[in-house]
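For reference, the structure discussed in these notes is given below.
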Amino acid sequence: MREEAKGKTGLPSESRQKPERPRDPLGRPLPWGEQTQLHMPDFDAMTLDENHEAGRRFVAEGNWFAAHEAWETAWKQARGTGDEEFYKGLSQMGAGYVHLRRGNAHGATTLLRRGARRVRGYPDGHLGVPTAALGETLERHATQVEDGSLSVGEDATFDLPDV
């Protein structure tokens, strides 16, 4: 079994790297030693802007786990800039769609709404993101999951949010 990451929580550094845990296509951890089915860049080695652009690219590809990871790293990199809540919201959006695709309706609705609240706190067009429309899309998808008009699971189909 591999040793877990060490170092000061939340701050990327040489002593705190994310272990390369094997994962399935939806980001679920696989047992150590199995072949990974999800390949992602080293987000800690990327700049804040590169992580933001990677998150946007992964959304366009429907790769929600990687989008979540890119923006989670950006959120940590943005501490003290005033944009940390923005990136946290985008990260929560990615995690919400991960839960939706994994079949977890409660996790999906909770995280999509948290993400919507956070991104709406920024002006429309902030860092190229239409925050008002994005917030509306996230709320709509959360409501659709609750009322059953958007089914959860690997085959879930929905319009991609514009980021």
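Only the coordinates and a few stated rules stand behind these numbers; no lab work does. Fair warning: this is a prediction, and the values are worked out from it, not measured in the lab. Cβ: placed from backbone, ideal geometry, glycine included. Neighbour counts: every protein chain shown.
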Filtering trypsin sites (Lys or Arg not before Pro) in the stretch 63-102 by DSSP loop and by at most 14 other Cβ atoms within 10 Å leaves R79
A chain fully extended from H39 to T110 at 0.36 nm per residue, minus the present Cα-Cα distance, gains in nm 22.9 nm
Quick numbers on the chain, Rg and Dmax over C-alpha atoms in Å, give 15.6, 46
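Summing +1 for each Lys or Arg and -1 for each Asp or Glu, what net charge is found among the other residues whose Cβ lies under 9 Å from the Cβ of K88?
-1
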In nm, the gap between the two label points placed 7 Å beyond Cα toward Cβ at E84 and T143 is 3.3 nm
Between the modelled labels at W32 and S151 (7 Å from Cα along Cα→Cβ) the distance in nm is 3.9 nm
Assertion target for L160, L30, L100, L127, ordered by fewest C-beta neighbours within 10 angstrom first, is L160, L30, L127, L100
Ordered by fewest other Cβ atoms within 10 Å, a rough proxy for footprinting exposure, L111, L90 read L111, L90
Expressed in angstrom and rounded, the centroid-to-centroid distance over alpha carbons for the stretch 37-66 and the stretch 133-163 is 21 Å
Sorted by chain and number, the residues with a modelled amide H under 5 Å from that of L150, at a separation of 5 or more or across chains, are V145
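Could you give the longest part of the chain that holds none of the GluC sites (Glu not before Pro) found in DSSP loops with at most 13 neighbouring Cβ atoms within 10 Å?
Answer - 35-153.
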